[in-house]
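Structure, as structure tokens:
The values are calculated or read from the model by the stated rules, or taken from the named source; none is laboratory data. Since the model is a prediction, treat every value here as computed from it, not as a measurement. Cβ coordinates were reconstructed from backbone atoms using ideal geometry, including for glycine residues, and neighbour counts include every protein chain displayed. Surface areas here come from the heavy atoms of the whole protein model, side chains and all, with no ligands, DNA or RNA. Shrake-Rupley method; radii C 1.70, N 1.55, O 1.52, S 1.80 Å.
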Amino acid sequence: MRIGELSKRTGVSPRSLRYYEEQGLLTSSRSDAGQRHYSDAAVQRVSLIRQLFDAGMSSRVIATVLPCVDIPGDLGVAGETFTAMMRECDRIDADIAHLTETRDALDVLIRANSRHRAELSTTPGPVARST
């Protein structure tokens, strides 16, 4: 199938499909006119790539995980894939911890601002001068 058909069947833009190919995540053959042609298996492959992106993996990490799908019986590849996924999990945990700290710091500032606004609303305003 051509790139437009793969795009329709997967809901992934042609631009993204070309990016996947540039990153070595997806392969195609070329016609004599240079048009990309994908096998029916590409639909499932694109779905898996989307799942991996949705799990927070970068294209570089996905490239290290996909061989486990391509060579499912290789224990070494499965081990490398497991290690890559655990590293990603650790990275995400660190990101969550950092975001939690950032949110907590923002909460402190919001409370301080709320107190300041409350103080301002109870403080009498400047008295207008009479002329």
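Structure above, values below:
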| item | result |
| --- | --- |
| Criterion: of a type in the set (A, V, I, L, M, F, W, C), in a helix (DSSP H, G or I) and more than 18 Å from the chain's Cα centre (by Cα) - qualifying residue of L52, L99, L6, L48 | L6 |
| Which numbered condition I71 fails, given (1) within 17 Å of S16 (Cβ to Cβ); (2) open to solvent by 60 Å² or more (accessible area, probe 1.4 Å) | (1) |
| Hits in the stretch 30-46 - residues which are closer than 18 Å to R9 by Cα, among the small types (G, A, S) and open to solvent by 60 Å² or more (accessible area, probe 1.4 Å) | S39, A41 |
| Any hit, the stretch 49-60, residues being open to solvent by 50 Å² or more (accessible area, probe 1.4 Å), touching a residue at least 40 places away in the same chain (Cβ under 8 Å) and more than 23 Å from T83 (Cβ to Cβ) | no |
| Condition check for R111: basic (K, R) and over 29 Å from R2 (Cβ atoms) | yes |
| Test: residue in the stretch 100-109 that is in contact (Cβ under 8 Å) with a residue 12 or more places away in the chain and either in contact with a helix residue (DSSP H, G or I) (Cβ under 8 Å, 6 or more places away or on another chain) or surrounded by fewer than 13 Cβ atoms within 10 Å (Cβ to Cβ) (or both) | no |
| Residue selected from the stretch 27-45 under the condition at pLDDT below 95 and among the hydrophobic types (A, V, I, L, M, F, W, C), by the criterion farthest from the chain's Cα centre (by Cα) | A33 |
